[in-house]
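Working notes, structure below.
The values are calculated or read from the model by the stated rules, or taken from the named source; none is laboratory data. In this text the structure is predicted, and so the values were computed from the model without any measurement. Glycine gets a Cβ as well: all are built from the backbone with ideal geometry, and neighbour counts include every protein chain shown. Please note that ligands, DNA and RNA were not included when accessible areas were found on the heavy atoms of the full protein model with its side chains. Shrake-Rupley method; radii C 1.70, N 1.55, O 1.52, S 1.80 Å.
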Amino acid sequence: MSPVLEARNITKRFGAVTALSDGSLTVEPGEIHALLGANGCGKSTLSKVIAGTVAPNSGVLRFNGSDIAPRSPRDAEALGIALFYQELSLVPQLSVADNIFLGHERRTAAGFIDAKQLRHDTEALLQRFAGVAGDGFSADAPVSTLAPDQRQIVEILKVLARKPRLIIFDESTAALDRRQVEVFFDILRSLKADGVSSIFISHRMDEIFAICDRITVMRNGVTVTTLTTAETDRDTVVHAMVGELAVPQRFARNSAVAAEPRLVVSQLSSRRLDSVSFDARPGEILGLGGLQGQGQSAVLRSLFGAEPLTDGSVVLDGKTLTLRKPADAIRAGLAYVSGDRGRDAAFHGRSIFENIAAASLVKERRRLVWPNQLKQRFIDAAAALNTKYDGLDAPIGSLSGGNQQKIFISRWLATNSQVLLFDDPTKGIDLAAKADFFTLARGLADQGASIIFYASEDSELLSLCDRILVFNSGAIAAELTGDTLTAFHLTNAAYGKAA
Amino acid sequence: MTLLRNRLWLVTLTALIALFVVNWILQPNLVTPNVLKSNLTVFLPIVLVAIGQTYVVLGGDIDLSVGSVVALVNVVTVSVIAALGGGPGGVMLGMGAGLLTGALCGMVNGLLISGLRFQPIVTTFATGIIFGGLALLVLPTAGLPVPAEYWRTYGGYALGLPVVLWIFIGALIAIAIISRRAFFKHLSAAGGQRTAAFQTGLKVGQIRIMAYVLCGLFAAVAALCLTGETASGDPLMGRMLALSSISAVVLGGTALSGGSGSAFGSVLGALVLGMIGNVIFFAGLPFDYQTLIQGLITLLALAGGVLVSRR
Ligand SMILES: Nc1ncnc2c1ncn2[C@@H]1O[C@H](COP(=O)(O)OP(=O)(O)O)[C@@H](O)[C@H]1O
Ligand SMILES: [Mg+2]
């Protein structure tokens, strides 16, 4: 039998970032095929290329034996390909029924939406998750009122309602509980019985070994191998994910970590955090690892006063801090560098000077500013990072992503912050700029700063951190130091608990 | 609070009833056929423009050019009627030309915004100036009366009911029809979560253009009504309509961010704005207060919407 889908040598670049350098995948009819790989290795991008959402830079796609080049999700859907979007493709304002059949509304002879039929069809689909979907899950409920697991169920049903021949489930079980996953697996099995092929992306090893026929493993935008589930085991798969480069390039420490902690965090709790306690010492780079969205960003944002805490205490240099808003954190000497520069850091269209000045102005409570008094300080701060720019008056947008990020770090050097919170700071930055950034972070730590560093890519954590806290569901699941600072341990700690 | 979520129009309905009662007390002859009819005649244009504006806002966009569209449609209509000699056929053709003008204006806005990805606010602000300029080109000064049959029919009766009431009923039927079409859901999706709409395979570009065309069409009907009221051409007609229509949309509970709302709510909102004018007039307050109070009430509605959605 010829394969349903063949993707060969797919590449995709987003600006300077190469998301996919050699994505390949072959799926047989009626197969459940796992796509596995660390965060940021390109699974979602490959899925979107297949589903027509993202146009590849090069590569071959074949579907049922003929070459295809879907230019939009609409094209792919017409071919019989549907994608469960990791970030979901739901409209919060519309009801469950409207979302499931969006674009496929059954119409009456006069061309009106057939409300009765719509309701009937929706009920029939909801029936599959009856009893496990929780309260408030009905055809008429607006999606905005649903819990995360219920939204995932809606996205699953929406994909099924399109009656595709190939479905890609991109982390479709991330928010589901055990019983919901069972129902979902039953659906996968009945699809398989009908000859429908599924690509299943998940971080839960147990799930993958329970349901998948074959496993394709990706690493850094490249497909490394395809294994048959019955002939392999967990360790082999993890090793394939991690690769030969088990010990990535280290940015070695040049000075000792002080023994006394500078920052002591105890029992932090909030909507997304469950009693998180740790400390950070001067000269140390403390990593936050684990699967995406397990509370790492929430810790950093809460410490910066950008997200509310319900409980817990933060002590810096012996002083208890009250962190209600970022200004509190800034004045206490905390700095926050976000990977989401556009949202969290940049003043678009403003000069580099103004972008650097922002934090200093808050910290020093300046009301009036004589630029010339500050200029030298900012030039020194930016020079320390080896940042290339035309002049302090150039707009921030004239810089590349990597140089912008350096400017945002200069912002904090100018305030002399001693605790730096890095929230996936290298997102969308090219490799050379990343290496620069790592050297810089190491240098700052060597001079006595404490850095708390969350990265969505494991290799970054491993090459930079002195210690890694592995997060799971808003709590710290493991702490890696010394000998356990390896990709193998990190992957196992991150996946082990979830499995 | 949960009851009020997405039901801001209930508050507006309550306000409308309250305003009506106050108006009735201040103006005891309010509930007589003639007074009601003349009220409706005054409110009809803003009701129609607000309906059209709703679709654009629902799609996550905005149309600041509707006021100028009304003026342009008005001068095109009177000019075509005059050029064709003012017979019944000429009137029909004139009205057709007006409707076409409105649809074309909407099409231009839609193409610029959804096709070329221009900013909706800035674009329609600019096209508004252009449409206004075109209106002045077509008819430099107010004048050019329409034939008496035009305004007599508009101010008259058909099948025992005022023509303005028929138009109002027709508008309600139109919005009921539109709200039951798949288009309406697709529009809400495009405005609510544009990426999701695209990923779902909707033709987001076409949908947004369609909303602008609808808006232009409703503005054109409003212009034809205003023409029936003023009985002549005026290139400066409808200047306040863009902002009032947005006020009405907000009062009617449609989110300015797009994705949720209803044209029916906007009808209520437009009526509330009109009734405020009435109450101010009959309470003996200077007319200058009208805009101020309408502005304050719109602000209140926006604040209410924020409060309701925050919990
Ligand atoms: N729209 C985008 N713009 C810039 N970079 C992107 C975009 N989408 C993905 N990336 C980058 O591409 C890489 C692969 O991402 P993704 O496909 O989401 O990985 P996965 O799903 O395996 O976690 C990541 O480094 C990510 O930051
Ligand atoms: Mg992904």
How much area per residue is accessible in chain B when the probe is 1.4 Å and only protein heavy atoms are counted (Å²)? 45
Give me the extension gain from B:LEU159 to B:LEU136: residue separation times 0.36 nm, minus the current Cα-Cα distance, reported in nm with one decimal. 4.5 nm
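If you count, for every residue in A:89-100, the Cβ atoms of partner chains within 10 Å of its Cβ, what is the mean? Could you put the intermediate results ahead of the total?
Details: counts 9, 6, 16, 5, 13, 8, 1, 0, 1, 5, 5, 0.
For peptide A:89-100, the averaged partner shielding equals 6.
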Net charge of neighbours whose Cβ lies under 11 Å from the Cβ of A:LEU385, counting Lys and Arg as +1 and Asp and Glu as -1: +1
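Remind me, relative contact order of the range B:23-96 in percent, using alpha carbon pairs under 8 angstrom and six or more residues apart? Numbers along the way, then the final one.
On the way: 26 pairs, mean separation 10.5, N = 74.
The value is 14 percent.
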Please list, ordered by chain and number, the residues whose modelled amide H lies under 5 Å from the amide H of A:LEU20; skip anything fewer than 5 residues away on the same chain. A:LYS12
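For the range A:1-126, which whole percent of the accessible surface, found with a 1.4 angstrom probe, sits on carbon and sulfur atoms? All intermediate terms of the calculation are to be shown ahead of the outcome.
On the way: 2580 of 5190 Å².
C and S fraction of accessible area: 50 percent.
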Between A:ARG219 and residues 5 or more places away or on another chain, which pairs have amide H atoms under 5 Å apart, with H built 1.01 Å from N, and which residues are they? A:VAL224
Below 9 angstrom from the Cβ of A:PRO308, what's the summed charge of the other residues (Lys, Arg +1; Asp, Glu -1)? +1
For the range A:5-242, how big is the tail of P(r) above 21 Å, as a whole percent of Cα pairs? 57
How far is helix A:178-193 tilted off the main Cα axis of chain A, in degrees rounded to 10, range 0 to 90? 50
In whole Hz, with x marking every Gly and Pro, tabulate ³J(HN,Hα) for the range B:145-162 from phi via Karplus 6.51 cos²θ - 1.76 cosθ + 1.60, θ = phi - 60°. x, 8, x, 4, 4, 4, 6, 5, 4, 4, x, x, 10, 9, 6, x, 10, x
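How would you rank A:273-280, A:412-419, B:35-42, highest first, on the average number of other Cβ atoms within 10 Å across their residues?
Details: A:273-280: 18.8, A:412-419: 21.8, B:35-42: 16.1.
Order by mean packing, descending: A:412-419, A:273-280, B:35-42.
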Nearest 10 degrees, 0 to 90: what angle lies between the long axis of helix A:431-446 and the longest principal axis of chain A (Cα atoms)? 40
Report the net charge of residues surrounding A:GLY136, where surrounding means a beta-carbon distance below 13 angstrom and charges are Lys +1, Arg +1, Asp -1, Glu -1. -2
Averaged per residue, the 1.4 Å probe accessible area of chain A, protein heavy atoms only, in Å², is roughly 42
Taking Cα atoms, how many degrees apart are the long axis of helix A:401-413 and the longest axis of chain A, rounded to 10 and kept between 0 and 90? 40
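Listed highest first by mean packing, meaning other Cβ atoms within 10 Å per residue, what order do B:267-278, A:463-474 come in? Write out the running numbers ahead of the final one.
Values: B:267-278: 24.5, A:463-474: 22.3.
Those peptides, ordered most packed to least, come out B:267-278, A:463-474.
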Alpha carbon centroid spacing (whole Å) that separates the range B:208-278 from the range A:44-81: 43
Let me make sure I get this right: for the protein assembly as shown, a, b and c are the square roots of the gyration tensor eigenvalues over alpha carbons, sorted descending. Under 1.5 in a/c it's rounded, otherwise prolate if a/b > b/c, else oblate. Which is it? prolate
Pop out a list of residues from the range A:58-83 that are at least 40 Å² less accessible with all the protein chains around than in their chain alone; 1.4 Å probe, no ligands or nucleic acids counted. A:PRO73, A:ARG74
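Which whole-number percentage describes the relative contact order of chain A, with Cα contacts under 8 Å and a sequence gap of 6 or more?
Details: 991 pairs, mean separation 81.6, N = 499.
This gives 16 percent for chain A.
Order of A:286-293, A:236-243 by packing, highest average Cβ count within 10 Å first? Intermediate results must be reported in sequence, preceding the final value.
On the way: A:286-293: 23.5, A:236-243: 18.5.
Output ranking for A:286-293, A:236-243: A:286-293, A:236-243.
Give me the number: length gained by fully extending A:ARG234 to A:PHE347, i.e. 0.36 nm times residue separation minus the C-alpha to C-alpha distance, one decimal in nm. Please list the in-between numbers first.
Numbers: separation 113, 0.36 × 113 = 40.68 nm, distance 4.67 nm.
Difference between extended and current length: 36.0 nm.
B:ALA18 to B:SER38: FRET efficiency via 1/(1 + (r/R0)^6), r the Cβ-Cβ distance, R0 30 Å, to the nearest 0.05?
In this case the efficiency is close to 0.90.
Normalised by the number of residues in the range A:5-242, what is the relative contact order in percent for Cα pairs under 8 Å and 6+ residues apart? Provide the component values of the computation, followed by the final result.
On the way: 438 pairs, mean separation 70.5, N = 238.
Over the range A:5-242, the number comes to 30 percent.
Helix-only mean residue ellipticity at 222 nm, chain B, DSSP H runs n ≥ 4 weighted -39,500 (n - 2.57), per residue, nearest 500. What is it?
Theoretical 222 nm ellipticity from helices: -24500 deg cm²/dmol.
How many Cβ atoms of partner chains, on average, are near each residue of A:102-114 if near means within 10 Å of its Cβ?
Working: counts 10, 9, 3, 5, 1, 3, 1, 0, 3, 5, 5, 7, 1.
Mean partner shielding for this stretch: 4.
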Considering the alpha-carbon set of the range A:263-494 alone, what are its Rg and its Dmax in angstrom? 17.2, 54
What distance in nm separates the simple spin-label points at A:ALA394 and A:ALA435, each placed 7 Å from Cα in the Cβ direction? 2.2
Asked for the total accessible area buried by A and B (1.4 Å probe, Å², nearest 100), one would answer 1900
Which value, in debye to the nearest 20, gives the size of the charge dipole of the protein assembly as shown about its Cα centre, when Lys and Arg are +1 and Asp and Glu are -1 at the Cβ? 1340
Compute the FRET efficiency between A:VAL264 and A:ASP311 as 1/(1 + (r/R0)^6), taking r as their Cβ-Cβ distance and R0 = 22 Å, and round to the nearest 0.05. 0.90
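Could you look at the range B:170-311 and say what percent of its accessible area is carbon and sulfur, using a 1.4 Å probe and all protein chains? Intermediate values should be presented prior to the final figure.
On the way: 3900 of 5770 Å².
Solvent-exposed carbon and sulfur of the range B:170-311 make up 68 percent of the total.
Partner chain Cβ atoms within 10 Å, averaged over the residues of B:196-209 - can you pull that number for me?
Details: counts 12, 4, 5, 14, 13, 15, 6, 3, 0, 0, 0, 0, 0, 0.
What the average comes to for B:196-209 is 5.
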At a 1.4 Å probe radius, carbon and sulfur cover how many percent of the accessible area of the range A:263-494? 49
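Could you tell me the calculated FRET efficiency between A:ALA193 and A:LEU361, based on Cβ-Cβ distance and R0 = 56 angstrom, to the nearest 0.05?
Working: r = 65 Å, r/R0 = 1.15.
So the FRET efficiency works out to roughly 0.30.
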Pair B:LEU10, A:LEU368: separation of 7 Å Cα→Cβ label points (nm): 5.4
